[in-house]
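Visitor: Got a structure here, written out as structure tokens. Questions coming.
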Amino acid sequence: MNNIEDTFCIAVADYIREFLKDNDIDLADLAAAANVDRKQVYRLINKENVPLLSTVIKIALAAGLKIHISDMQFDFDEYKKNNNILTATSKNKKD
């Protein structure tokens with residue numbers, strides 16, 4: 001299985017892993033509470049695959065997390081630059 005290469009997904013995985021460690025929450029218990037297979041949680045926190053957003057939300061909610069992107073140490077400007085992401089603008093925007 002390939003490891004996650006996307007830096008944002010890595011940041012989310014690290015954030016959830018640290019939360020589990022800091023709060024002494026068992027991975028299997030979290031998976032059961034989130035109603036997802038424990039392998040999905042394992043693969044996420046070990047950066048083995050990119051889960052669906054709905055899976056991340058289930059895991060976060062079961063952990064009692066409210067993930068605010070500002071809580072994570074992540075450089076979105078650098079991410080946009082590295083991934084060639086532009087900012088969409090309105091067609092009706094007047095110059």
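The values are calculated or read from the model by the stated rules, or taken from the named source; none is laboratory data. Remember, it's a predicted structure, so these values are computed and weren't measured experimentally. Here Cβ is always computed from backbone atoms with ideal geometry, including for glycine, and neighbour counts include all displayed protein chains. Each accessible area value is taken on the protein alone, full model and side chains, heavy atoms only, with ligands, DNA and RNA left out. Shrake-Rupley method; radii C 1.70, N 1.55, O 1.52, S 1.80 Å.
Visitor: Can you list residues whose amide H is under 5 Å from Lys47's amide H, if they're 5+ apart or on another chain and H is modeled 1.01 Å from N?
Guide: Those lying under 5 Å, H to H, from Lys47: there are none.
Visitor: Shifting gears a bit: Assign unit charges at the C-beta atoms only (+1 for Lys and Arg, -1 for Asp and Glu), then state the dipole size of the range 7-83 relative to its Cα centre in Debye, rounded to the nearest 20. Kindly include the intermediate steps, with their values, before the conclusion.
Guide: Details: 10 positive and 12 negative charges, 61 e Å.
That gives a dipole near 300 debye.
Visitor: Sticking with this one: Per the 1.4 Å probe, what fraction of the accessible area of the range 7-83, in percent, lies on carbon and sulfur atoms?
Guide: On the way: 2490 of 5030 Å².
Carbon with sulfur: 49 percent of the solvent-accessible area.
Visitor: Tell me the label-point distance for the pair Asp26, Asn49, using the 7 Å Cα-to-Cβ offset, in nm and rounded to one decimal.
Guide: Here the modelled spin labels are 2.4 nm apart.
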